[in-house]
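Asker: The structure that follows is given in the form of structure tokens.
Values in this text are rule-based calculations from the coordinates and carry no lab data. Since this is a predicted model, take the numbers as computed values, not measurements. When we count neighbours, we look across all protein chains shown, and the Cβ atoms used for this are built from the backbone with ideal geometry, even at glycine.
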Amino acid sequence: MSEKVKSSNKEVVVVEAALIFEAGWESIMDKIVVVNCSKDKQIERIRKSTSLTMDEIEAIMRAQLPSQEKISRADFVLENDGDLNHLRENVKKLWVKMGSCLNI
């Protein structure tokens, strides 16, 4: 992964990786965006899209860093507790904010 990111000639490279901190990849990123939602919303979305049991979901969540830890280490936080339209609006706002910080 780090070679792909480093060798890119693009101004912005977006890497979707739920476990950036756990994998130790934050050192190869210039900026990190954490997408955050409530624990209840996270569980609701997982249950709708998988056949995992609550025990399995909770085990996965326990294996990850707590949300507050990720948020404290992020450069930007994208809140995602609403619907898709709300997320789109938040992404647009974040992109503008990031553009001014990154001079793009």
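Asker: Within the chain, which DSSP H helices have Cα atoms that stretch 20 Å or more along the helix axis and a mean Kyte-Doolittle hydropathy of at least -1.0?
Answerer: Those that clear 20 Å and a mean of -1.0 are 84-102.
Asker: Enter the per residue convex hull volume of the chain, computed from alpha-carbon coordinates, in Å³ rounded to the nearest integer.
Answerer: Normalising the Cα hull of the chain by residue number yields 119 Å³.
Asker: Still on this structure: If you stretched the chain out fully between GLU26 and ASP81, how much longer would it get, using 0.36 nm times the residue separation minus the C-alpha to C-alpha distance?
Answerer: Taking GLU26 through ASP81 to full extension adds about 17.4 nm, to one decimal.
Asker: Only four residue types carry charge here, +1 at the Cβ of Lys and Arg and -1 at the Cβ of Asp and Glu. Report the dipole size of the chain about the Cα centre in Debye, rounded to the nearest 20.
Answerer: Taking the Cα centre of the chain as origin, the dipole is about 300 debye.
Asker: Run the paramagnetic zone check for SER38: 7 angstrom along Cα to Cβ, then residues of segment 73-91 with backbone nitrogen under 17 Å.
Answerer: 79-84, 86-87
Asker: Please find, in a Gaussian network model of the chain (springs between Cα atoms separated by less than 10 Å), the residue of GLU16, GLU26, GLU79 whose mean-square fluctuation is greatest.
Answerer: Fluctuation is largest for GLU16.
Asker: Can you give the FRET efficiency for ILE60 and GLU3, using 1/(1 + (r/R0)^6), R0 = 35 Å, r = Cβ-Cβ distance, to the nearest 0.05?
Answerer: 0.80
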